[in-house]
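*Asks:* A single structure is presented below for examination.
The values are calculated or read from the model by the stated rules, or taken from the named source; none is laboratory data. Fair warning: this is a prediction, and the values are worked out from it, not measured in the lab. Every residue, glycine as well, gets a Cβ built from its backbone with ideal geometry; the counts of neighbours run over all protein chains shown. These accessible areas exclude ligands, DNA and RNA; they are computed on the full protein's heavy atoms, side chains included. Shrake-Rupley method; radii C 1.70, N 1.55, O 1.52, S 1.80 Å.
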Amino acid sequence: MMRNFEGWLAAAEAMQPQTVALRRAIHREPELGLDTPKTIAKVKQALHGLPLQWKEGRSSSGLVAVLEGASPGHTVLLRGDMDALPMPEDTPLDFRSALDGAMHACGHDAHTAMLVSAAKILCARREHIAGRVLFMFQPGEEGHHGARFMIEDGLLDNPKPDAAFALHVIPNVATGHFTGRTGAALASDDTFQVVLRGKGGHASTPSLAVDPIPVACEIVLALQSLITRRVDVFDPVVVTVAELRAGTAHNVIPETVYLAGTIRALSEQARGFVGEKVRHVIEAIAAAHDCTAEIDILAGYPVTLNDARVMALVGRVITETFGPASWTTAAAPVMGAEDFSYVLQRVPGAMIFLGVCPEGQDHRLACPCHSNKMMLSEAALARGVAAHCAVAEAFLIDGFDHAS
Ligand SMILES: [Zn+2]
Ligand SMILES: [Zn+2]
C-alpha cells in the first residue's frame with residue numbers, strides 16, 4: 001500500500017463540486033429520526049457503480065458500505081450521520097430546508113456528503129488498499145440511538161472493524177482547523193423526569209395542604225449542592241433542572257410539581273454515582289416533607305471515549321496531511337453527547353471536530369450547531385474528505401504500530 005498524503009487533499013478538492021452538491025441536496029430535504037429514506041436514496045445514488053457491498057438492517061435506514069481492498073489487512077470504519085433536527089431554519093441560504101420544522105442544524109448533511117466523497121476517492125484507489133474500509137451511514141443521531149440500532153442489527157459484525165473514526169463539523173472553530181482529545185471527548189446525557197406529589201389546597205391555609213412547590217425548590221438547590229459537595233471536581237458532572245412546572249392560579253396550592261432536566265458526566269463511574277444520588281436526594285427531600293416523588297431516569301448516550309492509540313495516529317495524520325498549524329489538542333471535552341459513543345464502546349476509535357466557521361465571521365461568535373441560524377463553510381469540507389481518506393490509509397498501513 002502506497003502513501004498518498006498530498007494526494008488526498010488534491011483528490012478531495014477535485015471532488016468538491018460533488019461534495020457541495022450532495023450536501024446542499026440533503027440540506028434542502030432534511031429527515032428526522034431513524035427513518036431517512038430520501039437521504040439514504042441520495043447516498044445510494046451517489047455510490048452507485050462503485051466496488052462496494054451494502055449492508056442494511058431492519059431497525060433503521062442505516063447503511064454500511066464495505067470496500068474490500070485489493071489485498072488483505074485490517075478493517076477501518078468511517079462514520080457519517082444523516083439525520084436533521086426538529087426545528088425551523090432561519091438562514092438566507094437558497095438551498096435552505098424546504099420542510100417546515102426540520103433543519104440540518106448539526107451539520108450531518110455535511111458529514112454524509114464528506115463520507116460519500118471519501119468513499120468515491122478510496123474506491124478509486126482500491127488497488128492500493130490492503131484491508132477493508134467500512135463506510136457507516138447512520139440515521140437517528142439526534143437522540144434516537146441510531147448507532148446502537150445499527151450495532152444491534154449486526155451491521156458492525158463480520159467484518160468487525162479494528163478502528164473507527166468520525167468527524168463532527170463545528171462553526172465555532174476556525175475554518176479547516178481540526179481539534180480533538182484523548183479520553184472523554186463528549187459527555188453522557190441522561191434525562192430525569194419527576195412528578196412531585198403533595199396535597200392540593202387553598203393558598204391561604206398551607207397547613208391544611210401539602211405544598212409541593214417549596215419542596216421542588218429545595219430539590220433544585222440540593223441537586224446543585226450534590227454536584228459541588230459530592231462530585232470530584234476533576235471528574236465533573238452537570239445537573240440542570242431545565243423544566244419546572246406547577247400551579248394554575250395565585251390562590252391554589254397545586255397537588256403536583258413537574259421537574260425535568262439533564263445529567264451530563266465524563267466518566268461512566270461519575271454517571272452511575274450521580275444518577276443514583278439524584279434519585280436519592282429527590283426521594284429523601286420529598287419524604288421529609290410528606291410528598292411522594294415518581295422519578296424516571298432515562299438513559300441517553302454514553303460518554304464518548306477516544307482511544308489514546310487512535311488519537312495519536314489521527315493527530316499525526318492531520319499534522320502530516322494539513323500541516324502542524326491545522327491541529328489543536330482540545331483542552332476540554334464538549335458537554336454535548338454523541339451516539340458514536342456506542343461504536344467506541346466496541347471499537348477503539350476517535351471522533352474529532354472540523355472547524356467550519358462561515359467565511360468572514362469570527363468563529364467565537366458564529367451561530368453554533370443546533371442554532372436556527374447555523375451555517376457552515378463548504379470550503380472546509382474538502383479537508384474533512386481528505387481527513388477521512390488519510391486516517392483510513394494510515395490505519396490500514398500502520399495499524400497501531402506507529403501510533404503510540
Ligand atoms: Zn446535534
Ligand atoms: Zn451532530
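*Asks:* So in the range 195-239, with the set limited to residues that are over 27 Å from the mean Cα position of the chain (by Cα) and assigned to a loop (DSSP other than H, G, I, E, B), which one is farthest from A284 (Cα to Cα)?
*Replies:* Looking at the filtered set, the residue picked out is S204.
*Asks:* Against the definition (touching a Lys or Arg at 6+ places or on another chain (Cβ under 7 Å) and among the polar types (S, T, N, Q)), how does T329 come out, yes or no? Before you say what the answer is, go through the steps one by one.
*Replies:* Values: touching a Lys or Arg at 6+ places or on another chain (Cβ under 7 Å): yes; among the polar types (S, T, N, Q): yes.
Spelling it out, T329 is indeed touching a Lys or Arg at 6+ places or on another chain (Cβ under 7 Å) and among the polar types (S, T, N, Q).
*Asks:* Another one. Identify, please: which residue in the range 97-108 is within 16 Å of ligand 1 (Cβ to nearest atom) and at negative phi and is, among those, surrounded by the fewest Cβ atoms within 10 Å (Cβ to Cβ)?
*Replies:* A102
*Asks:* Moving on. Note down all Cβ pairs under 6 Å where the first residue falls in the range 57-68 and is in the same structural domain as D35 (by TED's automatic domain parsing) and of a type in the set (S, T, Y), the second is buried (at least 17 other Cβ atoms within 10 Å of the Cβ) and outside any loop (DSSP other than H, G, I, E, B), and they're at least six residues apart or on different chains.
*Replies:* Close Cβ pairs satisfying both conditions: S59/F149; S60/G146; S60/F149; S61/I40.
*Asks:* For the range 110-127, does any single residue satisfy the condition of being away from ligand 1 (no atom under 16 Å from the Cβ), part of a loop (DSSP other than H, G, I, E, B), out of contact with any Ser or Thr (no Cβ under 8 Å at 6 or more places or on another chain) and aliphatic (A, V, I, L, M)?
*Replies:* Looking through the range 110-127, none of the residues is away from ligand 1 (no atom under 16 Å from the Cβ), part of a loop (DSSP other than H, G, I, E, B), out of contact with any Ser or Thr (no Cβ under 8 Å at 6 or more places or on another chain) and aliphatic (A, V, I, L, M).
*Asks:* Right, G140: closer than 30 Å to M103 by Cβ, in contact (Cβ under 8 Å) with a residue 40 or more places away in the chain, touching a helix residue (DSSP H, G or I) at 6+ places or on another chain (Cβ under 6 Å) and within 16 Å of ligand 1 (Cβ to nearest atom) or not?
*Replies:* yes
*Asks:* Also, quick follow-up: If we scan the range 41-54, do we find a residue that is within 16 Å of ligand 2 (Cβ to nearest atom) and within 30 Å of G355 (Cβ to Cβ)? Please lay out each step first, then the result.
*Replies:* Within the range 41-54, the subset within 16 Å of ligand 2 (Cβ to nearest atom) is none.
No, the range 41-54 has no match at all.
*Asks:* Out of S371, S341, report the one residue that is of a type outside the set (F, W, Y), assigned to a helix (DSSP H, G or I) and within 16 Å of ligand 1 (Cβ to nearest atom). Don't jump to the end; show me each part of the working.
*Replies:* Working: S371 fails: assigned to a helix (DSSP H, G or I).
Going through S371, S341 in turn, just one is of a type outside the set (F, W, Y), assigned to a helix (DSSP H, G or I) and within 16 Å of ligand 1 (Cβ to nearest atom): S341.
*Asks:* Mind listing just one residue for me: the one in the range 100-124 that is farther than 24 Å from F353 by Cα and at pLDDT 95 or above and, of those, farthest from ligand 2 (Cβ to nearest atom)?
*Replies:* A124
*Asks:* Out of curiosity, is G176 open to solvent by less than 10 Å² (accessible area, probe 1.4 Å), closer than 20 Å to D81 by Cα and in a loop (DSSP other than H, G, I, E, B)? Write out each step before concluding.
*Replies:* Numbers: open to solvent by less than 10 Å² (accessible area, probe 1.4 Å): yes; closer than 20 Å to D81 by Cα: yes; in a loop (DSSP other than H, G, I, E, B): yes.
For G176, the condition - open to solvent by less than 10 Å² (accessible area, probe 1.4 Å), closer than 20 Å to D81 by Cα and in a loop (DSSP other than H, G, I, E, B) - is met.
*Asks:* Consider the range 14-59. How many of its residues are under 13 Å from F137 (Cβ atoms), touching a Ser or Thr at 6+ places or on another chain (Cβ under 7 Å) and among the aliphatic types (A, V, I, L, M)?
*Replies:* Looking only at that region, the number is 4.
*Asks:* All but one of (1) farther than 18 Å from V303 by Cα; (2) not in a loop (DSSP other than H, G, I, E, B) hold for R264; state the number of the condition that does not hold.
*Replies:* Against the list (1) farther than 18 Å from V303 by Cα; (2) not in a loop (DSSP other than H, G, I, E, B), R264 comes up short only on (1).
*Asks:* Which condition does A287 not pass, out of (1) open to solvent by 70 Å² or more (accessible area, probe 1.4 Å); (2) without any contact (Cβ under 8 Å) to a residue 24 or more places away in the chain, if it passes all the others?
*Replies:* Just one mismatch for A287, condition (1).
*Asks:* What's the number of the only condition in (1) surrounded by fewer than 22 Cβ atoms within 10 Å (Cβ to Cβ); (2) more than 23 Å from S60 (Cα to Cα); (3) within 15 Å of ligand 2 (Cβ to nearest atom) that H144 fails to meet?
*Replies:* Going through the list (1) surrounded by fewer than 22 Cβ atoms within 10 Å (Cβ to Cβ); (2) more than 23 Å from S60 (Cα to Cα); (3) within 15 Å of ligand 2 (Cβ to nearest atom), H144 breaks only (2).
*Asks:* Right, something else. Among the numbered criteria (1) open to solvent by 10 Å² or more (accessible area, probe 1.4 Å); (2) within 16 Å of ligand 2 (Cβ to nearest atom); (3) of a type in the set (A, V, I, L, M, F, W, C), which one does M136 miss?
*Replies:* Going through the list (1) open to solvent by 10 Å² or more (accessible area, probe 1.4 Å); (2) within 16 Å of ligand 2 (Cβ to nearest atom); (3) of a type in the set (A, V, I, L, M, F, W, C), M136 breaks only (1).
*Asks:* Consider only pairs whose beta carbons are under 6 Å apart and that are at least six residues apart or on different chains; among these, list those whose first residue lies in the range 320-336 and is more than 23 Å from P368 (Cα to Cα) and whose second residue is at pLDDT 95 or above and more than 16 Å from ligand 1 (Cβ to nearest atom).
*Replies:* Qualifying pairs under 6 Å: T321/A390.
*Asks:* Right, another one. How many of the residues in the range 71-96 are within 16 Å of ligand 1 (Cβ to nearest atom), open to solvent by 10 Å² or more (accessible area, probe 1.4 Å) and among the hydrophobic types (A, V, I, L, M, F, W, C)?
*Replies:* Counting residues in the range 71-96 that are within 16 Å of ligand 1 (Cβ to nearest atom), open to solvent by 10 Å² or more (accessible area, probe 1.4 Å) and among the hydrophobic types (A, V, I, L, M, F, W, C) gives 2.
*Asks:* Follow-up. Every residue in the range 335-352 that is within 27 Å of F395 (Cβ to Cβ) and either surrounded by fewer than 21 Cβ atoms within 10 Å (Cβ to Cβ) or away from ligand 2 (no atom under 16 Å from the Cβ) (or both), please.
*Replies:* G336, Q345, R346, V347, P348, G349, listed by residue number.
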